[in-house]
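Here's the structure we're looking at; comments come further down.
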Amino acid sequence: MSKPKVGFYWCASCGGCDEVVVDLGADILKVVGAVDIVFWPVAMDFKRSDVENLADGELAVSFINGAVRSSEQHEMVELLRRKSQLVVAFGSCAHTGGIPGLANLFDRRAMFEEAFFNVPSVVNEEKVVPLEEYKTPQGIVTLPNLWNTVKTLDQVIPVDYYLPGCPPPVSLVGEMFNKIVKGELPPRGSILAPDIALCDECPRKETKPDKMSQKEFKRPHEIMIDPEKCLLAQGLLCLGPITRKGCGAACTRVNMPCTGCMGPVSNVLDYGMKALSAVASLADANDEEEIEKILCKVVDPVGTFYRYSLPASLLHRHYQPVVQGEK
Amino acid sequence: MSDNDRNHFEPRIVAFFCNWCTYTAADLAGTARMTYSPNVRVIRIMCSGRLDPQFVLKAFREGADGVLIGGCHPGDCHYQEGNYKALRRFKLLKRFLSQMGIEEERIRLEWIAASEGDKVQKVINQMTEQVRKLGPLNLEPISQMHPPKEKNVKAKAVAMAKGGAS
Amino acid sequence: MSTAKTPSSNGKPKVGVYVCHCGINIAGKVNVQETVDFAGTLPNVTVAREYKFMCSDPGQELIQKDLREGLVDRVVVASCSPLMHEPTFRRAMIAADANPFLFQMANIREHVSWVTPDKGAATEKSKALIAAAVARIVLHKPLEKTRVPVNSNALVVGGGIAGIHAALTLADAGRKVYLVEKEPTIGGHMAKFDKTFPTLDCSACILTPKMSAVRSHPNITLWTYSEVAGVEGFVGNFNVKVRRKPRYVKEDLCVGCYECVEACVFKKGVTKDEFNVGLSKRRPIYIPFPQATPLVAVIDPESCVQIKRNKCKKTCVDACERGAIDFDQKEEIKEVEVGAIILATGFKTFDARRISRYGYGKYPNIYTSLEVERMVNAAGPTGGEVHLKNGEKPRTVGIVHCVGSRDSRTNAYCSRVCCMYSLKLAHLIKERTGAEVYNFYIDMRTPGKGYEEFYEKLLKENVHFIRGRVAEISDWATIPEEEGKLVIRAEDTLVGAVRRIPVDMVVLSVGLEPHDDADDVRRKFNISCSHEGWFLERHPKLAPVSTFTDGVFLAGACQGPKDIPDSVAQAGAAAAEALALIDKGYVELEPNTAYVQEEFCSGCKTCVALCPYSAISFNVEKNISSVNGALCKGCGTCVAACPSGALQQNLFTDEQILHEIEGVISYV
């Protein structure tokens, strides 16, 4: 009997999600023993035609990481969707937009201007920007279209499972493969991580005082961080209370506040808003000026609360009034 | 948008009023037959401190052009200091929204005591006109995002190269 | 949470929508049929009906019949404000064996028909509110009210006639009453009056028996010279802290013999006598007036040299055979548990100095009405004689009505008493002095039993009435007859001419205002006040002595200007309301409390310190937060903060509110 075929693909991502598969270490042999990897552009030499040549549904599972922000990525995920029985949004970017999703604070024009004109290291006197089509003597050269808005995977194609994290914790990756192989997957649409916030597994939990409110929020470089005590209780903006557990408190164990890569628990509609509400609630002041003073330490609300999830938020992106005629 | 369209635009505003002060004040405005614009629809919560910022974004996402929050005056909260908690969240929320390019006039927090029916009238009328001037809040719909609608890609790229608007 | 069956357990929810015409209150602006047709198209709505008055018996029966026949299992009524009739419809639900919390109101009267000029817009807004109610009610769950026993004691704050009457009513009914008064004696303003209108019966004769009844009543604990320091708890179970200021005289030993007062090193009064509104002076140790209740001396720390400088012969101590004087007395905090609270904190009179053109404080013979009340009182500083500063009897007196009333520059409202007491003072002054009395009035307002007749009587007594607001009072004489007189200048609007009336004495009929500390008081008791600062009643007609804080009632002029008969009537009503609450024995608490969905709580403790009632504690065993439902008041601030959505609030869950948002906006 032939082994089930699986594929890996990356869209707008850093490669860390592919790396984490390798991080399985010896266990990757079990995976390879159980499945046939028939597509993994990062690691092996496959071509798009290899996927196109598969029958529809021939792939048991596609693991797609990265946000979707170009016509090429769009074509590839649609192709993979057609060829796959299951699609797993692998990692924060595919799940909620991830770091690339912060591009939704800008539009494409602004990004091009920044990248091709304004960056100090760029010298571009002729103001050359990539064109999607360019005629050369050898023929027409094309580039994919870069979208104005970054999207999560499920805003482009239907997704069956989500594996959160930046990158997803190795333990959850292993667990997922186990479940797939044994056929023990939960109902479709599930997030393959425990549905409870990080504090539950954080080793610092015991040190939480009953009064969590703060007179001053601090940034990690401003204080000597107590290696035992709850980071939020030290005034650091640790998003552990808002973020799904499953990482084994990887960051807080090494003195870094949680930044929220695992995304929200299932009761929460909009990660950033809940984070904002919880953090603002901790500001220990009733006087308007004092409130401002405490909260001004949240220098960048979008970057703080939506570091990994701007495209998945209710607002989705920086507001651009729709100009009539383009509607 | 032409001036004519702007005049015909009827803003949709969702209001969250606390049970004890602002909702009661709105009742009083009614009892006193103070007329005001019909654009604001009130959702009653027990305390402005119940207002989860998620509700504000949800309202915007569902098509609201503005959100109004009403609570008791500082020091008057029926629950001691729920209104201060609302204020803390509102402060940060407002900063967040402006970072997201949403005009700050689209969201407003007002302290309106149970006896201030006239203030309900004034605030609702003001807010309606303010939002009417801003025009509708057309968020990019998430469900209709794919396939992307940008057609004249090449022309845009060229225009961009010349520093024009996309 | 509840034993009631979940109605949706056997399938989809069945929502009934009932739109009320409220006569033409709603139907005059809202196209009721159109909203009913619209409601019928909404998901899960199985029945949509309209009726003239949904709150009437036949209206309620309409709903109950549908419930009983199983056509609907949850109900939306589109009518008035839930603050008005939610209890009515919830009772109707119970009567039809349905859970009262499977009910939601859409407020299409106060929030729509009464405030929207355009019929089309009113109809559209009504539809939106109905859509919102329907959207949220499908998520309602059956809930049960918890019952909490009611403490049978009551607290009355303020010992004027209203507070006295309320306290006696409750005490006579067998309830234990704590009566707290900030002055050294009870009696309030009424104790200062000589006669009362319109019957002219002696104020002291009708008040002092009630004062001594308070003093001797076994069910009343009287704490004068005391203030409420703080209130905690809720209806039926208030915990009140009372601050008893030191009076430096032991209340249980003093018999009010005046020996100490006579023996004081000061042989004359040294400081303004509050009871005589400054017309006389009193010594540092004093008894406010001979009928003071309790009849106990008090030492004013501001003027007593022993207290101020610890240097005095302490003749008062020697004079007191009973050893009642105690300079070491300290402030004392008493803590009591009560089920109901009646506020009867009264009013203050308008400060006539604020209207400088009336010359109060500038010209010697201009008095306020309260000063004249003391002057005409036989027990007052002049022994009932009305005379000028030089000791002569006035031959002409002008009484100026509406000082600090009915004027947008001071107080826009009518004091409700100054017409009548001005008439009374006119009568008394004329009786005592035989002077010519001129009343300057804007309108004569005499709506009360025997009031108009009293006015008729005064007309026959040849008191002069000039209709017109007084412009100015000065000593600037323009003709010889005005020399040495006070000249009242006013437009006589009946004659259509400006008149100048020279008089010897002017009485300024000052209006009524809330106490300076009314704002602090209302905050302590967690109630609202009107623009003017009067305590706000729950409903001006249907709940005139209740407040928005359950268990706190209002009596007398703290709610708004009132005369004695109205204050007493209201005090009786407040006592009856308090009794109804106490005698029921329990209160049912709205089940809109917060609860923890334990499986989602990570134990982050964000919520713990947020609760103003310490209702949230951390369960160390389970390592999660837990809510004490009996302490939770249902504000929901913890729910808004909970980063996991693990905390939810009954009747206001995230999901219910999110649905409501969708509903209210889905209909454009």
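Any read-out appearing in this document is the output of simple, stated calculations on the displayed coordinates, not a laboratory observation. Source: prediction; values computed, not measured. Cβ atoms come from the backbone with ideal geometry, glycine included; neighbour counts cover every protein chain shown.
Structural remarks
- Packing-based ranking, highest mean first, of A:47-55, C:392-400, A:283-291, B:44-52 given that Cβ atoms within 10 Å are counted: B:44-52, C:392-400, A:283-291, A:47-55
- Applying both filters, DSSP loop and at most 16 other Cβ atoms within 10 Å, to the GluC sites (Glu not before Pro) of the stretch C:297-355 gives C:Glu302, C:Glu321, C:Glu331.
- 3J(HN,Hα) along the stretch C:228-241: 6, 8, x, 10, 10, x, 8, 2, x, 8, 8, 10, 10, 9 Hz, from the Karplus curve 6.51 cos²θ - 1.76 cosθ + 1.60 with θ = phi - 60°, whole Hz, x for Gly and Pro.
- Taking the stretch C:123-158 and a reference point 7 angstrom along Cα→Cβ of C:Glu337, the backbone N atoms nearer than 14 Å belong to C:148-154.
- Shielding score for A:70-79, defined as the mean number of other chain Cβ atoms within 10 Å: 1
- Pairwise centroid distance, computed over Cα atoms, of the stretch C:240-263 with the stretch C:172-198, Å: 18
- Taking all pairs of distinct alpha-carbon atoms in the stretch A:142-192, Kirkwood radius in angstrom: 13.1
- Peptides ranked, highest mean first, by Cβ atoms within 10 Å: ranges C:184-196, C:86-98, A:182-194: C:184-196, C:86-98, A:182-194
- Two-site FRET efficiency, C:Glu655 against A:Val181, from Cβ-Cβ distance with R₀ of 25 Å, rounded to 0.05: 0.10
- As a ratio to 2.2 N^0.38 Å, the alpha-carbon radius of gyration computed for the stretch C:502-635 takes the value 1.57.
- Equivalent-ellipsoid semi-axes of the protein assembly as shown, from the Cα gyration tensor, Å, largest first: 71, 33, 30
- Spin-label pair C:Thr199-C:Lys622: with each label point 7 Å from Cα along the Cα-Cβ axis, the two points sit 6.3 nm from one another.
- Shielding by partners - mean other protein chain Cβ count within 10 Å, residues of C:127-133: 2
- With eigenvalues of the C-alpha gyration tensor scaled by 5 and rooted, chain A, Å: 36, 29, 17
- Tensor-based shape of the stretch A:106-147 (alpha-carbon gyration tensor, a/c under 1.5 rounded, otherwise prolate or oblate): oblate
- For the peptides C:201-212, C:369-380, the ranking by packing is C:369-380, C:201-212, with the highest mean count of neighbouring Cβ atoms within 10 Å listed first.
- Percent of alpha-carbon pairs separated by more than 19 Å within the stretch A:29-147: 62
- Here the Debye sum runs over all C-alpha atoms of the stretch C:594-649 as equal scatterers in vacuum, and log10 of I(q)/I(0) at q = 0.16, 0.19, 0.27 Å⁻¹ comes out as -0.36, -0.52, -1.11.
- Loop-located trypsin sites (Lys or Arg not before Pro) across the stretch C:260-297 with a Cβ neighbour count of 15 or fewer within 10 Å are C:Lys267, C:Lys268, with loop assigned by DSSP.
- Of the GluC sites (Glu not before Pro) found in the stretch C:477-583, those that fall in a DSSP loop while having at most 12 other beta-carbon atoms within 10 Å are C:Glu483.
- Inter-chain neighbour count for A:145-156: the average number of beta-carbon atoms from partner chains within 10 Å of each residue's beta-carbon is 3.
- Annotation: average projected area of the stretch C:259-319 is 4.0 square nanometres, based on the convex hull of Cα atoms across all directions.
- Each label point was placed 7 Å from the Cα along the Cα-to-Cβ direction; for C:Thr88 and C:Glu452 their separation is 3.3 nm.
- Estimated D of the stretch C:315-379 in µm² per second, where Rh is the Kirkwood radius over Cα pairs and Stokes-Einstein applies at 37 °C, 0.692 mPa s: 185
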